[in-house]
Amino acid sequence: MASVDFSLGSVAVALTPRERFAEFLQARGKRITRQRQVIVDHVASRHEHFDAEQLLADLRRTPAGAGASRPTVYRTLTEMVDAGLLKKMVLAGRSVYEHDYGYPQHDHLHCTSCQKLIEFSSAEVEAICGAVAAQHKFVPRGHRLIVSGLCADCRSSRSRSRHQDRV
């Protein structure tokens, strides 16, 4: 059987994340402060899943973000979600953020033991969503699929601990 590629591609965007965010804020009569710029630049410079407290800790370890305040981080994350730059997921009662701007539609496998998130893209999932939507005369604008379970590392560590219990 041939290997199927579930990796993410890329999406071309007209504006940088900072430009997009500035445009969003300007349309709402707000300005992009230095703290907001630092937050947007920091988040846009990496593609990883994070929560607000992780972001705050990361920012405080950098000279530019050392003065970042908790309220500004939380408010800016909400604004970045509203601007279409980030997606917010609630997993095990924890709000987790990820890039949305410039990244293709994708889904996740969520390990309920170690909280790891694995991203994948699947034409088959897209086809199923399209077929179900068509059956209901529904026009989809996107979807979010999170499959919960155990990753290979957690499964193998549980298997080892069960084996040790039997010995």
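Observations on the structure shown:
- Note on region 6-50: residues that are loosely packed, with under 14 Cβ neighbours inside 10 Å and under 17 Å from THR72 (Cβ atoms) amount to 5.
Residue by residue, here is whether (1) aliphatic (A, V, I, L, M); (2) touching a Cys at 6+ places or on another chain (Cβ under 9 Å); (3) outside the structural domain of ARG31 (by TED's automatic domain parsing); (4) surrounded by 12 or more Cβ atoms within 10 Å (Cβ to Cβ) holds:
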residue: LEU77; (1), (2), (3), (4): yes, no, no, yes
residue: ALA92; (1), (2), (3), (4): yes, no, no, no
residue: HIS99; (1), (2), (3), (4): no, no, no, yes
residue: GLU119; (1), (2), (3), (4): no, no, yes, yes
residue: LEU150; (1), (2), (3), (4): yes, yes, yes, yes
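- Test for THR72: is it of a type in the set (Val, Ile, Thr) and closer than 21 Å to ARG141 by Cβ: no
- When VAL132, VAL81, VAL90 are checked against the criterion of being aliphatic (A, V, I, L, M) and over 17 Å from the mean Cα position of the chain (by Cα), VAL132 stands alone in meeting it.
- Residues that are in a helix (DSSP H, G or I) and free of Cβ contacts under 8 Å to residues at least 40 places away in the same chain within region 24-38 comprise GLN26, ALA27, ARG34, GLN37, VAL38, listed in sequence order.
- Residue check, GLN105 farther than 28 Å from GLU124 by Cβ and of a type in the set (S, T, N, Q): no
Here's the yes/no breakdown for (1) within 28 Å of ALA92 (Cα to Cα); (2) modelled with pLDDT of 95 or more; (3) out of contact with any helix residue (DSSP H, G or I) (no Cβ under 9 Å at 6 or more places or on another chain):
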residue: ASP5; (1), (2), (3): no, no, yes
residue: VAL11; (1), (2), (3): no, no, yes
residue: PRO17; (1), (2), (3): no, no, no
residue: ALA22; (1), (2), (3): no, yes, no
residue: ALA27; (1), (2), (3): no, yes, yes
residue: ILE39; (1), (2), (3): yes, yes, no
residue: ALA44; (1), (2), (3): yes, no, no
residue: THR62; (1), (2), (3): no, no, no
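- Positions within region 120-149 being within 18 Å of ARG94 (Cα to Cα) and not polar (S, T, N, Q), in sequence order: ARG144, LEU145, ILE146, VAL147, GLY149
The values are calculated or read from the model by the stated rules, or taken from the named source; none is laboratory data. Just so you know, these numbers come straight off a predicted model, no measurement behind them. Ideal geometry is used to build each Cβ from the backbone, glycine not excepted, and the neighbour counts take in all protein chains shown.
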